[in-house]
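What follows is calculated from the coordinates using simple rules that are stated; it is not laboratory data. Just so it is clear, the model here is predicted, and its values are computed rather than measured. Glycine also receives a Cβ, built like all others from the backbone with ideal geometry; neighbour counts cover every protein chain displayed.
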Amino acid sequence: MRRAAAVVMATALAAVDGQRTDCSASAFLSGIQMYCPSDHLSCPRGCADFLTRRLGDCPGISASLSAADRTFLTRTCHKTDAPAPAPAAAGTNFYALSAVDIEGNEVQFSQYMGKVSLVVNVAQF
């Protein structure tokens, strides 16, 4: 009896593993409606798990969402299917970088080696 149950379980798992994820927009939206709250005020565990799996299996799927759903995805659930930023080049460090000062001159950070530095990013429009 135990062997029969193990065979049934193994067959069921193999069937699930063999299934391909439906990456259609309608399937994605149906999943959001099923697992995520309609008010978009929270991102419960089931919703977050669904989004993690689906975004991993279906790159670019969030493009099919409305602006409100994309906002929910990124701001409430902190999920995205955008590619991760490329890692910095090997050997790149702070002192190998440079910036343009307020007068338009290039400033090499290597001149600050051995000194305590505070870097502040100030946006100017």
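In whole Hz, what ³J(HN,Hα) sequence does the range 66-80 give by Karplus (6.51, -1.76, 1.60; θ = phi - 60°), x for Gly and Pro?
With coefficients 6.51, -1.76 and 1.60, one gets 6, 4, 5, 5, 5, 4, 4, 4, 7, 7, 7, 9, 6, 10, 8 Hz.
Considering amide H positions built from the backbone, and no H for Pro or chain starts, which residues 5 or more places from V107, or on another chain, come under 5 Å of its amide H?
Those qualifying (amide H under 5 Å, at least 5 residues apart or on another chain) are A99, V100, D101.
Enumerate the calculated ³J(HN,Hα) couplings along the range 102-115 in order (Karplus 6.51 cos²θ - 1.76 cosθ + 1.60, θ = phi - 60°), each rounded to whole Hz, writing x wherever the residue is Gly or Pro.
Whole-Hz 3J(HN,Hα) from phi for the range 102-115: 5, 9, x, 8, 6, 10, 7, 6, 4, 5, 9, 4, x, 10.
Given H placed 1.01 Å from N in the peptide plane, which residues other than close sequence neighbours of D22 have an amide H under 5 Å from its amide H?
Amide H neighbours of D22: none.
Explain nothing, just compute: Karplus ³J(HN,Hα) = 6.51 cos²θ - 1.76 cosθ + 1.60, θ = phi - 60°, for every residue of the range 54-60 in order, whole Hz, x for Gly and Pro.
Per-residue couplings from phi come out as 5, 5, x, 7, 10, x, x Hz.
Would you pull out the residues with amide H under 5 Å of C58's amide H, same chain only if 5 or more places away, H placed 1.01 Å from N?
Here the answer is none, since no amide H 5 or more places off falls under 5 Å of that of C58.
Fewest Cβ neighbours within 10 Å first, please rank Y112, Y35 accordingly. Before the final figure, lay out the partial values.
On the way: Y112 13, Y35 17.
Taking fewest neighbouring Cβ atoms as first place, the list is Y112, Y35.
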